[in-house]
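First up is the structure itself, then whatever we jot down about it.
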Amino acid sequence: GAGVSQTPSNKVTEKGKYVELRCDPISGHTALYWYRQSLGQGPEFLIYFQGTGAADDSGLPNDRFFAVRPEGSVSTLKIQRTERGDSAVYLCASSLGYNTEAFFGQGTRLTVV
Amino acid sequence: QKEVEQDPGPLSVPEGAIVSLNCTYSNSAFQYFMWYRQYSRKGPELLMYTYSSGNKEDGRFTAQVDKSSKYISLFIRDSQPSDSATYLCAAYRGGADGLTFGKGTHLIIQP
């Protein structure tokens, strides 16, 4: 596709439920990033994939958060037992690889009620 | 102290003015520096990408990096109301590393 695509654009879920957020990167981009942006803050790094493997997952806040990228293209961020504090915009970005520009999607706005 | 500091504003200037946006950072390992523009309820849009110290110009936008003082700047010439947005600075060490962002500065260009 022309840009990074994220679905859904909005997600409302009840506390305790499981959610999956999807990211479709720019075609040919091997690097994929997930970030979380709370209101009034800059994006915070969660996880970085190079190809299929998670090269750096140091930003995942706890073991309720998990991400996969099984074929080196589409990625899914999974959140178990959601909490109200997980409410934020989840952003995905992709790049050609190390040391190149990263381009962001429009984000998924997650609201946990 | 956050690794990248940015005044959240708001910064309000009249149309046509030169805008100066700034960030400071603390991690001397950062090698790459970026500016993103973010409109309300949209994803960040890459404006400028620079490596190490120096200036880079693209149309009305000029990015400056001074690694000796750990200072990053973005200048916008002939500012337009459509430039009203949040401007995020970001820094990156290189390699298998994520971007570290500032909080963003909310810019308002008054017609």
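General observations
- Label-to-label distance for A:S27 and A:T13 is 3.1 nm, based on points extended 7 Å past Cα in the beta-carbon direction.
- Cβ-Cβ FRET estimate between B:K56 and B:Q110, R0 fixed at 25 Å, reported to 0.05: 0.35
- Only protein heavy atoms count here; on that basis, with a 1.4 Å probe, A:S5 has an accessible area of about 60 Å².
- Translational D in µm²/s for the protein assembly as shown (Stokes-Einstein at 10 °C, 1.306 mPa s, Kirkwood Rh from C-alpha pairs): 89 µm²/s
- Solvent-accessible surface of chain A, taken per residue with a 1.4 Å probe and all protein chains present: 47 Å².
- From the largest down, the stretch A:50-98 spans 34, 19, 18 angstrom on the principal axes of its Cα atoms.
- Hull-based mean projected area of chain B, where the convex hull spans the alpha carbons, in square nanometres: 6.8 nm²
- FRET efficiency, A:Y98 to B:D78 (Cβ-Cβ, R0 41 Å, nearest 0.05): 0.70
- Cβ charges +1 (Lys, Arg) and -1 (Asp, Glu), total dipole of the stretch B:40-87, debye: 160 debye
- Of B:P111, B:G94, B:Y32, farthest towards positive along the dipole that unit charges on Lys, Arg, Asp, Glu beta carbons give chain B: B:G94
- Take every pair of alpha-carbon atoms less than 8 Å apart whose residues are at least six positions apart; their mean separation over the length of the stretch B:29-98 yields a relative contact order of 39 percent.
- Each Lys and Arg Cβ is given +1 and each Asp and Glu Cβ -1; about its Cα centre, chain A then shows a dipole of about 400 debye.
- In the stretch B:68-111, burial by the other protein chains removes 20 Å² or more of 1.4 Å probe accessible surface, compared with the chain on its own, from B:Y92, B:G95, B:A96, B:D97, B:G98, B:L99, B:F101, B:K103.
- Summed over the residues of the stretch B:1-78 and divided among them, the accessible surface reaches 52 Å² per residue at a probe radius of 1.4 Å.
- Charge dipole (debye, nearest 20) of the protein assembly as shown; +1 at Cβ of Lys and Arg, -1 at Cβ of Asp and Glu: 500 debye
- Measuring against 29 Å, Cα to Cα, the residue pairs A:K17/B:K2; A:K78/B:K103; A:K17/B:K42; A:K15/B:K42; B:K42/B:K67 contain A:K17/B:K2; B:K42/B:K67 as the ones spanning a longer distance.
- Semi-axes of the equivalent ellipsoid of chain A are 22, 14, 13 Å, computed as sqrt(5λ) over the eigenvalues of the C-alpha gyration tensor in descending order.
- Within the accessible area of the stretch A:19-84 (1.4 Å probe), percent carbon and sulfur: 44 percent
- Annotation for the A:B interface, with buried accessible surface near 1800 Å², both sides summed [1.4 Å probe; non-protein components not counted].
- Carbon plus sulfur fraction of accessible area for the stretch B:12-52, probe 1.4 Å, in percent: 48 percent
The values are calculated or read from the model by the stated rules, or taken from the named source; none is laboratory data. Since the structure is predicted, the reported quantities are computational estimates derived from the model, not experimental observations. Every residue, glycine among them, receives a Cβ derived from its backbone with ideal geometry; neighbour counts consider all protein chains shown. These accessible areas exclude ligands, DNA and RNA; they are computed on the full protein's heavy atoms, side chains included. Shrake-Rupley method; radii C 1.70, N 1.55, O 1.52, S 1.80 Å.
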